[in-house]
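Please read the structure below before turning to the comments.
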Amino acid sequence: MVLQHLVLFTALAVGVSAADRRCTPIQRGTQFGGTTISTTSQANYFYCNDLCRDNTNCAAYTYTVSSSQCVLFSASTTENTDYSKRDNLYSAHCVTKEASAKLYGPSEPHTDYYGNDLWSQAAATATDCADICQYNWDCTAYTWTADNGGVCYVKRFKSETVTVSPAPSDGSVRIRSGEVYKCSRPMYDADITGQDLGSVLRSSWMECCGVCRNTANCNAFSWNNYNGGTCWLKTGAAGAMPQASGVISATLAA
């Protein structure tokens, strides 16, 4: 199945440094189109991700596995999704840290979220661990420890909270845990009918998740390009979702 829709996502570079940017979770099987900055060969999508994140003019990228091609865009205006190519196409948007911060819960020092591990990997800081979780759809929480130079435990969800004591006498924090606020995988060309809570103007559907998360009684949303982009906030997503060209819908992740 191939889904096509128009979006507008541009980089705002004024006063923003590379350290102030984060990239959104990977959209597999999606090809972006728009104003190209560069096309290079990269060994995997992680390098492409870093290139876009570190370039304040880059709004999005698409990485093609079969050709090792990394394309950076200063403006992403179209998205074509073909689920049969989910192992060949990897795309993401890159946004400011301020915008991405709306997707992160507070980091809890001296706290372990016990169990529900998906995997573990090296991460120098708790912030790096949060980013690893953000890039992977199945992760909604993490625990980071300073052991062995830093280890990130990627978790399916927040579980039993264990306070680690006593804290180090030098005041350092050797373990932190936190949640990453996410929505479900987007449903393209699908509209959640009724159950309306309100609407907010946003140029990208990805911003709707943070808006919904921070709005009382909001559990889902539909987005379309009405008035340049509108998040239609919903109390739920019960019932049928009729096909609606250009509409993107999702629910809050648990």
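Overview of values
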| read-out | value |
| --- | --- |
| Filter result for Ser199 (polar (S, T, N, Q), touching a residue at least 40 places away in the same chain (Cβ under 8 Å) and either assigned by TED's automatic domain parsing to the domain that holds Thr30 or farther than 22 Å from Gly115 by Cα (or both)) | no |
| Condition broken by Asp170, with the remaining ones in (1) more than 30 Å from Ala216 (Cα to Cα); (2) part of a loop (DSSP other than H, G, I, E, B); (3) at pLDDT 85 or above satisfied | (3) |
| In the stretch 15-34, residue modelled with the highest pLDDT [restricted to those that are farther than 25 Å from Arg86 by Cβ and of a type outside the set (Gly, Ala, Ser)] | Arg21 |
| Any hit, the stretch 142-158, residues being of a type in the set (D, E, K, R), more than 23 Å from Ala60 (Cα to Cα) and at pLDDT below 90 | yes |
| Hits in the stretch 188-229 - residues which are surrounded by fewer than 19 Cβ atoms within 10 Å (Cβ to Cβ), within 28 Å of Ala75 (Cα to Cα) and hydroxyl-bearing (Ser, Thr, Tyr) | Ser199, Ser203, Tyr226 |
| Which listed residue, of Ser177, Ser222, is assigned to a strand (DSSP E or B), under 30 Å from Asn148 (Cβ atoms), in contact with a strand residue (DSSP E or B) (Cβ under 9 Å, 6 or more places away or on another chain) and hydroxyl-bearing (Ser, Thr, Tyr) | Ser177 |
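Residue-by-condition table, conditions (1) touching a Ser or Thr at 6+ places or on another chain (Cβ under 8 Å); (2) β-branched (Val, Ile, Thr); (3) outside any strand (DSSP E or B):
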site	(1), (2), (3)
Trp144	yes, no, no
Val154	yes, yes, no
Thr161	yes, yes, no
Gly194	no, no, yes
Leu197	yes, no, no
Ser204	no, no, yes
Gly210	no, no, yes
Thr215	no, yes, yes
Ala240	yes, no, yes
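The values are calculated or read from the model by the stated rules, or taken from the named source; none is laboratory data. Please read all numbers here as calculations on a predicted model, not as lab measurements. Cβ sites come from the backbone with ideal geometry, for glycine too, and all protein chains shown count toward neighbours.
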